[in-house]
Amino acid sequence: MTYLLALDQGTSSSRSILFDAKGHCVAQAQMELSQIYPRPGWVEHDPREIWRTQLATARETLAKAGVAAADVRAVGITNQRETTVLWNRATGEPVHHAIVWQDRRAEPACAQLREQGYAATIQAKTGLLVDAYFSGTKLQWLLDNVPGARAAAERGELAFGTVDSWLIWQLTAGRRHVTDVSNASRTMLFNVHTNQWDEQLLALLNIPRSLLPEVQASSSDFGRTDAQVLGSAIAIGGVAGDQQSALFGQACFSAGMAKNTYGTGCFMLMHTGDVFQASHNGLLTTSAAQPHTTPEYALEGSVFVGGAVVQWLRDGLRAIEHSGQVQQLAESVPDSGGVMMVPAFTGLGAPYWQPDARGTITGITRGTTLAHIARAALESIAYQSAALLTAMSRDATDAGGQPVSELRVDGGACVNDLLMQFQADLLGIPVVRPACVETTALGAAYLAGLSSGVYADTEEISHLWRAERRFHPTQGRERAQALMQQWEHAVQQATMLETQS
C-alpha cells in the first residue's frame, strides 16, 4: 500500500490523517489546542503546544494504522492561515506566543496604512484588503513590542513563519525555513504576481528581509523529516493554507470551480486560473495552492459566523443540548415563520465588511417559537454564503467568465441535509457534498502525492473525487430572490445599529 500522511493544524485543534493512494482515510487522531486571550480582541497560541499536539497526533495516527514511517511516501501540511510565529534561529525557541489570525491588536497599524493612502497599492500587489487579519502587521507588532526582538531581527537571529513554516522547522530539526505560495500570499508582504517577497511592502512595515522563509510551489520538496521525529525520514512534499488546501482537495483545479467550507465560519473560494482578478464586490484575491511555479489565483470570501451560530444556540440560548439536535428542531417547523437572524456577533465579513454590525433577530411574532429561531439561525449560514456566491459570480461575469455552475461543500455543517438543501434552493445551482468531507487534509495529501510521484497530474486526482450527494434546487428563482431581498433588508437593520451606536 502507498500512504500519504496529512498534518492538519487548525485554530482549535491539531489533527493528523493517514490516506491511501485512492484518497481513503485509513486512520486519524486529533488533539485540542489551548486558546489564550490576554486582552479583549487578542488571541494567542503557544507555538510549543502547536508542535507538541501536531507531533503527538502524527505518531498516534501511524500507531492506529499499524503503519511504519518508512511506509509513508510523503507528508503534506495544511494549516490555520495568517497566524504568526517568531522564533530564535539558534535555540528554536519562540520569542512570544503565536498571534492568531483572529487577533485584532494590529488594527491601529492598519488604520495608519489606510490613512496614508497605501490601501490601493497593497491590494494591487497582494490581492488583500488592509486588515489586522493578515500576518504582516502582526509581525510588525512583535518586532516593536517584544523587548529586544527588533535588534535581534536586525542581527539575523530570528525567523518568522506562519504555522506551516514553524512545523517544517521542527520536523526538519531546523534545517529548512520555508513556506508555500498560498501561505505567503496571506502575509500582506508577498507580491502574488511575481511570487516574491515585495521589497516596498517590507520597507513600509519595517520588516527585515532576513526574517522571511523561502517560498516554494505548494507541491515541491520542502525537505525531509528528521529520522527521530517519526521513526524514519519522510519527504515533506505538499504545503497549503487550509482554505486553499480544501479547494485542492475538492479537485477545483480550473477557473469557475468553487467550494464552500462550513466550519466555525464559512470560507468560499473560486478558482480563477492564471488570471489575477481584483474583486469589485468585497472579495479578496489570493494565491491558490500551486502544483507548479506558474501563479494560480482564487477569489475568496469569509463569513465570520457560520457553524458558530449553532454553538450559540447550544451554549448561549441553551436551546439544544448538543449541536446535532439543531436539524431536528429546525425541521419541526415548515419554515422560519418570517424570522430572520443576522449572526453578526463579531461584525459582518465579505461581501459586507461591516466590523461594527451586531447580531439581530427580526420578524418575531406572538407565534414565534424556539424552533423558528433555530431554523432562522441555520438558514443564516446559507444566506451569508449565498451573498458570497452572488458576489463571486458577479466578479466572474464582469471579467468575461461564467457564473459558478455548482458549489462543492465540506466542513462540519455540510452534513446537515436541511442546510444544504436550503443552500441549493437559494443559489439555484446544485450543491455537491463529496464522499470524503475531510477535504482540507486530503488537499495536503494530494499535493504531497503529486510531488512524490504517487499521482501523475491533477487530472488523475480529479478522477478520484467522488460525490456523496447532490442537492438540486427545488424552489423557483422568484421565491429565492424574494428570500434574499428579505435577508438584505435584515442586514441593513443589523448595520443600522452600527450607525446609531
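The values are calculated or read from the model by the stated rules, or taken from the named source; none is laboratory data. Source: prediction; values computed, not measured. Note that each Cβ is placed from the backbone with ideal geometry, even for glycine, and that neighbours are counted across all protein chains shown. Heads up: the accessible areas ignore ligands, DNA and RNA and are worked out on the full protein's heavy atoms, side chains in. Shrake-Rupley method; radii C 1.70, N 1.55, O 1.52, S 1.80 Å.
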Residue-normalised accessible area of the chain, expressed per residue, 1.4 Å probe, Å²
38 Å²
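What is the sum of charges, Lys and Arg at +1 and Asp and Glu at -1, for the other residues whose Cβ falls under 14 Å from the Cβ of Tyr455? Show your work: numbers first, answer last.
Details: positive: Lys22, Arg73; negative: Asp20, Asp457, Glu459, Glu460.
Neighbour charge sum, excluding Tyr455 itself: -2.
For the range 406-501, would you read off the P(r) tail past 24 Å as a percentage of all alpha carbon pairs?
Working: 2075 of 4560 pairs.
Here the long-distance tail beyond 24 Å is 46 percent of all Cα pairs in the range 406-501.
For the range 207-254, what is the convex hull volume of its Cα atoms per residue in Å³?
On the way: hull volume 6.5 nm³, N = 48.
Normalising the Cα hull of the range 207-254 by residue number yields 136 Å³.
Quick one: with all protein chains in place, what share of the accessible area of the range 282-401 is carbon or sulfur, to the nearest percent (1.4 Å probe)?
Values: 2390 of 4690 Å².
Percent of accessible area from carbon and sulfur atoms in the range 282-401: 51.
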On the accessible surface of the range 1-93, probed at 1.4 Å with all protein chains in place, carbon and sulfur together account for a percent value of 49 percent
Just to be sure I follow: if Rg is taken over the C-alpha atoms of the range 103-170 and Rh is the Kirkwood radius over the same atoms, what is Rg/Rh?
1.02
Solvent-free Debye scattering, log10 I(q)/I(0), computed from the Cα coordinates of the range 313-406 at q = 0.13 Å⁻¹:
-0.56
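Scan the range 1-54 for trypsin sites (Lys or Arg not before Pro) in coil per DSSP, keeping those whose Cβ has at most 13 other Cβ atoms within 10 Å, and list them by number. Walk me through the numbers on the way to the answer.
Values: sites: Arg15, Lys22, Arg48, Arg52; in loops: Lys22.
The qualifying sites are Lys22.
Please report the net charge: other residues with Cβ closer than 12 Å to the Cβ of Leu4, K and R +1, D and E -1.
Here the count lands on 0.
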I'd like the antiparallel share, as a percent to the nearest 5, of DSSP beta bridges with both residues in the chain.
70 percent
For the range 181-317 the translational diffusion coefficient, Stokes-Einstein from a Kirkwood Rh over Cα pairs at 10 °C and viscosity 1.306 mPa s, in µm²/s, is roughly 95 µm²/s
What does the charge count around Pro351 come to, taking other residues whose C-beta lies under 13 Å from its C-beta (Lys +1, Arg +1, Asp -1, Glu -1)?
-2
Label point at Asp274 placed 7 Å out along Cα→Cβ; residues across the range 210-250 whose backbone nitrogen lies under 20 Å
216-220, 248
